[in-house]
1. Students often check this: by mean Cβ neighbours within 10 Å, which of 496-504, 32-40 ranks highest, and how do the rest follow?
2. Can you give the Kirkwood hydrodynamic radius for region 18-175, in Å, rounded to one decimal and based on Cα pairs?
3. Roughly what angle does helix 301-311 make with the longest principal axis of the chain, taking Cα atoms, 0 to 90 degrees, to the nearest 10?
4. How much of the DSSP bridge set in the chain is antiparallel, in percent, rounded to the nearest 5?
5. Enter the angle in degrees (range 0 to 90, nearest 10) between the Cα long axis of helix 156-170 and the first principal axis of the Cα atoms of the chain, meaning the one along which they spread out most.
6. For region 437-501, just the Cα atoms, rotate onto the principal axes and tell me the three extents in Å, largest first.
7. Please give the residues of region 140-169, grouped as numeric ranges, whose backbone N is less than 15 Å from a label point set 7 Å along the Cα-to-Cβ vector of residue 103.
8. What is the distance in Å between the Cα centres of region 196-241 and region 33-64?
Ligand SMILES: Cc1cc2nc3c(=O)[nH]c(=O)nc-3n(C[C@H](O)[C@H](O)[C@H](O)COP(=O)(O)OP(=O)(O)OC[C@H]3O[C@@H](n4cnc5c(N)ncnc54)[C@H](O)[C@@H]3O)c2cc1C
């Protein structure tokens with residue numbers, strides 16, 4: 001049996017896992033991070049728009065503070081979150097952003113001089129005396145009272161992940177990539193690490209640890225249409241559930257983002273609407289102000305997604321070979337703004353749809369309907385998993401001692417029924433900081449007291465299971481079954497759900 005011992009085992013090398021690993025590494029605990037892929041390619045790298053923290057630096061964030069951020073988070077969660085956790089989060093986010101600046105994240109900053117911003121689709125002039133040159137800038141995001149989302153152009157997750165991964169190396173965190181945790185080792189309601197499959201050699205390894213933290217991200221790939229990468233299959237939640245001891249929380253709380261591009265499902269960040277982009281229907285009409293007069297396109301994501309689907313159901317969708325959609329128009333922001341602040345979005349539109357989103361030309365189609373050449377076809381798709389491994393506010397499972405969780409994989413219940421844009425990458429680093437401390441404390445205060453005979457039983461169980469799969473002679477194709485399940489999830493368990501539909505899906 002191949003066994004690797006360490007003090008702290010972190011399953012998942014995205015922002016949450018790496019930040020928590022820094023907390024244990026800092027204390028001199030031997031720490032291993034497992035990842036399916038090289039950690040710098042974790043899904044956190046896909047985050048575009050930004051990270052919420054109430055710095056209150058820019059003209060449009062004047063008066064912002066932790067209380068306002070807390071209130072927005074609670075309201076955005078449809079009053080469903082744990083308010084103690086939301087409070088702790090909002091208080092810590094400004095500290096986290098400054099820590100990241102110290103680790104080298106090149107936050108977009110306020111530059112000297114007069115500039116214009118699009119505020120509620122109106123060009124507004126901001127002068128030199130309104131803002132301080134050099135401070136960390138922020139943009140508007142859905143469901144927030146103030147401009148609070150700090151960003152590095154539209155590649156925020158990428159810059160954060162590189163900085164945090166580099167910092168982890170400084171603290172001697174040992175990264176084992178191309179490894180897949182497939183089961184947790186546990187005995188007497190305590191977790192002792194994981195059984196792991198080496199994705200290069202196929203061999204099984206037992207990683208035995210004093211404490212284990214799962215940070216494997218979300219479960220978006222259970223849906224047919226999602227912005228999530230292929231690694232977001234929710235394996236962390238699955239292996240926790242399979243212990244029969246750890247529990248999951250809020251699994252039905254799934255977020256659908258209003259603006260992934262059709263048909264690929266690649267996200268066009270909320271920053272598009274935050275910076276002033278608008279939604280248009282088949283007639284080129286801006287429909288959101290009719291539904292949401294106050295926040296318009298920047299109502300929270302669940303609201304905008306539902307409004308789009310209702311509008312399409314009312315016959316206002318644009319028909320296409322890939323189904324109906326509506327348009328996202330950012331051409332009104334002007335080419336200079338797009339090329340500076342939304343360059344990833346521009347590239348996605350060009351590469352995947354052959355559209356230049358800065359093109360302002362309006363053409364008339366065969367039915368006499370007007371359409372901007374730069375408008376991007378969008379439709380709500382699965383985006384974020386509010387549910388996950390149920391934990392206390394310390395990040396520890398209330399039922400399986402020694403098991404912790406952080407980031408999108410976890411449910412310490414910060415988001416309730418809906419997460420605000422920009423609150424997720426903020427959560428990953430804040431949870432990494434806070435939960436990381438409790439995790440480190442646990443690992444410092446406990447020993448590994450499981451015997452090798454018990455560990456062997458877990459290895460044998462997984463080995464036998466894999467063997468049994470290989471020996472099966474059934475005629476069904478596993479990928480067809482998986483795709484069929486994704487279809488069912490999309491049809492019956494997506495934005496609108498009914499008792500009848502859910503029963504059909506289960507059947
Ligand atoms: C397109 C897109 C854009 C986004 N933009 C924003 C944004 O602008 N602002 C914002 O706040 N949020 C945004 N989000 C959400 C945010 O990016 C994620 O919620 C967050 O980054 C998740 O981080 P994480 O560390 O929890 O997990 P991830 O970054 O998903 O990392 C998961 C890690 O777990 C590993 N792993 C998974 N399963 C296993 C296993 N079985 N064994 C071993 N390792 C495993 C993976 O290899 C990976 O290292 C966006 C999401 C998407 C999809």
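All of the numbers you see were taken from the coordinates with simple rules; none came from a lab. This structure is a prediction, so every number in the text was calculated from the model and none was measured. Glycine also receives a Cβ, built like all others from the backbone with ideal geometry; neighbour counts cover every protein chain displayed.
1. Top to bottom by mean Cβ count within 10 Å: 32-40, 496-504.
2. Here the Kirkwood hydrodynamic radius works out to 17.1 Å.
3. That helix lies at roughly 60 degrees to the long axis.
4. Antiparallel bridges make up about 65 percent of those DSSP assigns within the chain.
5. Once rounded, the angle reads 30 degrees.
6. Projected onto its principal axes, the Cα set of region 437-501 covers 49, 39, 18 Å.
7. 156-169
8. 22
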